[in-house]
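A short reminder: the numbers here are calculations on the coordinates, not readings from a lab. All values reported here derive from a predicted model rather than from experimental measurement. Every residue, glycine as well, gets a Cβ built from its backbone with ideal geometry; the counts of neighbours run over all protein chains shown.
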Amino acid sequence: MNRLSEKKLFLFDIDGTIAVGDTLFEGSLELLDYIASIGGKAYYITNNSTKSNMDYVTKFKKSFGLDTTEDLFVTSGYMTIQFLKENYWGKKVYVLGTSSFIAELRKNDLTITEVYEEDVACVVVAYDSELNYQKLIEASKILSNMDVPFYGTNPDLCCPIDFGFIPDCGAICEMITHATGKVPTYLGKPNPEVVYLCQKASGFSTEETIVVGDRLYTDIACGINAGVDTCVLFTGEATPEDLTDTPYKPTYAFQNVIELLERAITIR
């Protein structure tokens, strides 16, 4: 039996996998309908830390016409918030990120600063569409002068957009690493905790779970780290040529969402 027929829990990356910008890829809606028809469930696991879960609910409704709920989204921002609550509650955290991400952290009663302070307990860097050089200076000053942990929300080097790609959190972190010699620990994918969280919430088993994404070193690596099957779609960053020399070999590889849907339906 082809293992794809056993899958009930689909963990989708968003940008570059089922959509780009405000455009839902052809076949995505039909694939989600198929998952519902077999009694399965779809979660959306994204390394985009700029949007809250409620932001995604609104975006999916407005841009894609899809009704969702907050619990179906697990972002690197959410994973970061949970990590900071568990490990840095009541401590001061320097954050390089968008104003909306910082507001979300403060909404969760975390103590956040955006400037160098001597009692900072750690540095957190996120994707930042509002990035300026002063933010890089503040982060570099802390990491150069203080022995504190350095965390990144996600290691993605680039983020898909309608015209191609733009620098993501991993690229920002690399600038800081080159300046300070400090290397971050990443809290989003490929950290397997996101998979475990979705399995616990849904009740589906490892055999019933599949991670679907467009990036090998985050999406596919995340599934591999969690011990579940994976599927790469060549609709974003990864290309078929990348599969010849990567430690992150996916279980399945398809050109697009439509091909994944057709294969899933055919083998049932």
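Note down the relative contact order for segment 17-82 as a percent, whole number, built from C-alpha pairs under 8 angstrom at least six residues apart.
33 percent.
Work out Dmax and Rg for the chain from the C-alpha atoms and quote the Rg first, both in angstrom.
When restricted to the Cα atoms of the chain, Rg and Dmax are 18.7, 61 Å.
Normalise the Cα radius of gyration of segment 77-186 by 2.2 N^0.38 Å (N = residues in it) and let me know the number.
Details: Rg = 13.2 Å, N = 110, 2.2 N^0.38 = 13.1 Å.
Taking the Cα Rg and dividing by 2.2 N^0.38 Å, one obtains 1.00.
Using the alpha-carbon centroid of each, what span in Å lies between segment 166-207 and segment 222-250?
Here the answer is 16 Å between Cα centres.
Which value, in Å to one decimal place, does the Kirkwood hydrodynamic radius take for segment 72-116 when every pair of different Cα atoms is included?
Across segment 72-116, the inverse of the average 1/r is 10.8 Å.
Where in the chain lies the longest segment free of chymotrypsin sites (Phe, Trp or Tyr not before Pro) that are both loop residues by DSSP (not H, G, I, E, B) and have at most 14 other Cβ atoms within 10 Å? Present the calculation step by step, with values, prior to reporting the outcome.
Working: sites that count: TRP89, PHE163.
That would be 164-268.
Just to confirm a number: summing +1 for Lys and Arg and -1 for Asp and Glu over residues other than SER52 whose beta-carbon lies under 9 angstrom from that of SER52, what do you get?
Details: positive: LYS51, LYS107; negative: ASP55, GLU70, GLU104.
So the environment of SER52 carries a net charge of -1.
Starting from segment 1-83, pick out the trypsin sites (Lys or Arg not before Pro) whose DSSP state is loop and whose Cβ has at most 10 other Cβ atoms within 10 Å.
Of the trypsin sites (Lys or Arg not before Pro), not one in the loops of segment 1-83 has a Cβ with at most 10 other Cβ atoms within 10 Å.
Can you compute the helix-only [θ] at 222 nm over the chain? Use -39500 (n - 2.57) per DSSP H run of at least 4 residues, normalise by all residues, nearest 500 deg cm²/dmol.
Result for the chain, helices only: -9500 deg cm²/dmol.
How fast does segment 37-116 diffuse by Stokes-Einstein, in µm²/s, taking the Kirkwood radius from C-alpha pairs at 10 °C and 1.306 mPa s?
115
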